[in-house]
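K.L.:
The structure under discussion is supplied below as structure tokens; questions concerning it will follow.
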There are 2 protein chains.
Amino acid sequence: MGITKSEKFTEQQNQIANFAKAFGHPARVAILQHLFKINTCICGDLVEEIGLAQPTISQHLKELKNLGLIKGNIEGTKVCYCIHKENWTKMKLVMNEFLDQDILTTECC
Amino acid sequence: MGITKSEKFTEQQNQIANFAKAFGHPARVAILQHLFKINTCICGDLVEEIGLAQPTISQHLKELKNLGLIKGNIEGTKVCYCIHKENWTKMKLVMNEFLDQDILTTECC
DNA sequence: TACTTTAATCGTAATATTGCAATGTATTAA
DNA sequence: TTAATACATTGCAATATTACGATTAAAGTA
């Protein structure tokens with residue numbers, strides 16, 4: 001049904017899934033990497049950099065902004081985006097708790 | 001169009017996105033957490049544990065297996081699943097390189 | 001053999017995601 | 001004011017994902 005039964009899972013599990021979903025598209029990965037790489041905050045050069053149409057990039061940026069991973073600031077006709085440091089750090093804590101689980105058991109198979 | 005233009009991105013970006021997509025559903029997060037938690041490798045108790053229908057769980061398990069994050073072993077009429085340690089470690093390297101990027105810039109906004 | 005158990009697969013419905021052309025909205029420049 | 005620039009939004013088509021009933025396949029049990 002394409003609908004995720006979020007109510008069956010813990011808040012933590014849904015949170016992990018939501019962050020992961022944001023990274024689940026290479027364009028959003030590329031956008032974030034670019035924002036990290038460029039010292040000056042980048043606006044719509046992302047469209048050229050990534051190579052997708054402007055509305056598509058705008059949509060991906062919106063998702064990242066809604067999750068709180070980036071911020072946008074209007075500067076004249078341009079918009080300047082950058083990583084939301086504090087939230088990025090918080091996100092890392094959540095993801096690392098999941099990724100860094102200790103593997104206590106020996107493999108069964 | 002619902003189709004991701006993977007060819008526009010680097011192999012690394014696609015790899016990150018593919019791993020992230022696997023974690024982008026709380027059921028798969030829950031499955032993995034359960035496999036980590038339980039000392040004995042778990043088979044279809046996952047169906048009871050997670051609370052989704054058996055074909056649904058089976059489908060999620062298949063995705064995780066295709067990505068190489070878990071292994072399955074047939075034991076009689078049951079199937080025993082566990083984390084694929086080596087691949088999990090490799091996945092962590094890829095994800096951490098992405099997540100742990102240094103934020104050199106000051107925020108612009 | 002026939003029956004049971006367990007899990008995979010098939011088929012399908014409902015919903016979500018991706019991508020972009022067209023359009024709208026500010027802001028700046030002329 | 002008019003035109004240009006930069007980006008957001010809308011609307012829609014194509015594809016992907018999620019979920020599960022029904023069925024199948026494989027192995028154990030009576």
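Rule-based calculations on the coordinates, nothing more; no lab input. Predicted model, so just to flag it, every value in this text is computed and none were measured. Ideal geometry is used to build each Cβ from the backbone, glycine not excepted, and the neighbour counts take in all protein chains shown.
K.L.:
Helix by helix through chain B, keep the DSSP H runs that span 15 Å or more along the axis on Cα and average at least 0.0 on Kyte-Doolittle, and give those back in order.
P.N.:
Numbers: long enough: B:11-22 (17 Å, -1.02); B:26-37 (16 Å, 0.50); B:54-66 (18 Å, -1.23); B:85-99 (20 Å, -0.59).
What comes out of the filter, once short or polar helices are dropped, is B:26-37.
K.L.:
Explain nothing, just the number: dipole magnitude of chain B about its Cα centre with +1 on each Lys and Arg Cβ and -1 on each Asp and Glu Cβ, in debye rounded to the nearest 20. Show your work: numbers first, answer last.
P.N.:
Numbers: 12 positive and 12 negative charges, 67 e Å.
Charge dipole, chain B, about its Cα centre: 320 debye, nearest 20.
K.L.:
Continuing with the same structure: In the structure shown, do any of A:LYS21/B:LYS78; A:LYS8/B:LYS85; B:LYS37/B:LYS62 have a Cα-Cα gap over 23 Å, and if so which? Kindly include the intermediate steps, with their values, before the conclusion.
P.N.:
Values: A:LYS21/B:LYS78 31 Å; A:LYS8/B:LYS85 27 Å; B:LYS37/B:LYS62 20 Å.
From A:LYS21/B:LYS78; A:LYS8/B:LYS85; B:LYS37/B:LYS62, over 23 Å: A:LYS21/B:LYS78; A:LYS8/B:LYS85.
K.L.:
What is the local net charge at B:SER6, summed over the other residues whose Cβ is closer than 14 Å to its Cβ (Lys, Arg +1; Asp, Glu -1)? Present the calculation step by step, with values, prior to reporting the outcome.
P.N.:
On the way: positive: A:ARG28, B:LYS5, B:LYS8, B:LYS21; negative: B:GLU7, B:GLU11.
Combined, the nearby Lys, Arg, Asp and Glu give +2.
K.L.:
Show the residues, 5+ positions off or on another chain, whose built amide H is closer than 5 Å to the amide H of A:TYR81.
P.N.:
A:ILE42, A:CYS43, A:ASN73
K.L.:
Could you work out how much longer the chain between A:SER58 and A:HIS34 gets when fully extended? Use 0.36 nm per residue separation minus the Cα distance between them, nm to one decimal. Intermediate results must be reported in sequence, preceding the final value.
P.N.:
Working: separation 24, 0.36 × 24 = 8.64 nm, distance 1.49 nm.
Length difference between fully extended and current span is 7.2 nm.
K.L.:
Cα centroids of the stretch A:56-92 and the stretch B:17-90: how far apart, whole angstrom?
P.N.:
33
K.L.:
What does the average come to when, for each residue of peptide A:89-100, you count the partner chain Cβ atoms lying within 10 Å of its Cβ? Before the final figure, lay out each step's value.
P.N.:
Details: counts 1, 0, 1, 3, 0, 0, 6, 5, 0, 6, 9, 2.
Across the residues of A:89-100, the mean count of other-chain Cβ atoms within 10 Å is 3.
K.L.:
Distances from B:LYS37 to the same position in the other copies: list them in nm, one decimal, shortest first, using label points 7 Å from Cα along Cα→Cβ.
P.N.:
Ordered by distance, the counterparts are at 4.0 nm.
K.L.:
For A:2-14, what's the mean count of beta carbons from other chains sitting within 10 Å of each residue's beta carbon?
P.N.:
Details: counts 0, 0, 4, 7, 3, 2, 6, 8, 4, 1, 4, 9, 4.
Mean number of neighbouring Cβ atoms from other chains: 4.
K.L.:
Arrange B:HIS25, A:HIS34 by Cβ neighbour counts within 10 Å, fewest through most, would you?
P.N.:
Working: B:HIS25 23, A:HIS34 15.
Ranking B:HIS25, A:HIS34 by Cβ neighbours within 10 Å, fewest first, gives A:HIS34, B:HIS25.
K.L.:
Around B:CYS82, under 10 Å between beta carbons, what's the net of Lys plus Arg minus Asp minus Glu among the other residues? Please report the intermediate quantities before stating the final value.
P.N.:
Numbers: positive: B:LYS71, B:LYS85; negative: A:GLU107.
Surrounding charge for B:CYS82 is +1.
K.L.:
Shortest first and in nm with one decimal, please list how far the B:GLU107 label point sits from its counterparts in the other copies (point 7 Å along Cα→Cβ).
P.N.:
4.2
K.L.:
Can you compute the label reach from A:GLU49? Point 7 Å from Cα along the Cβ direction, backbone N cut-off under 17 Å, restricted to the stretch A:67-87.
P.N.:
Output list for this probe position: A:69-75, A:78-85.
K.L.:
Distances in nm, one decimal, shortest first, from A:THR56 to the same residue in every other copy, taking the label point 7 angstrom along Cα→Cβ.
P.N.:
3.2
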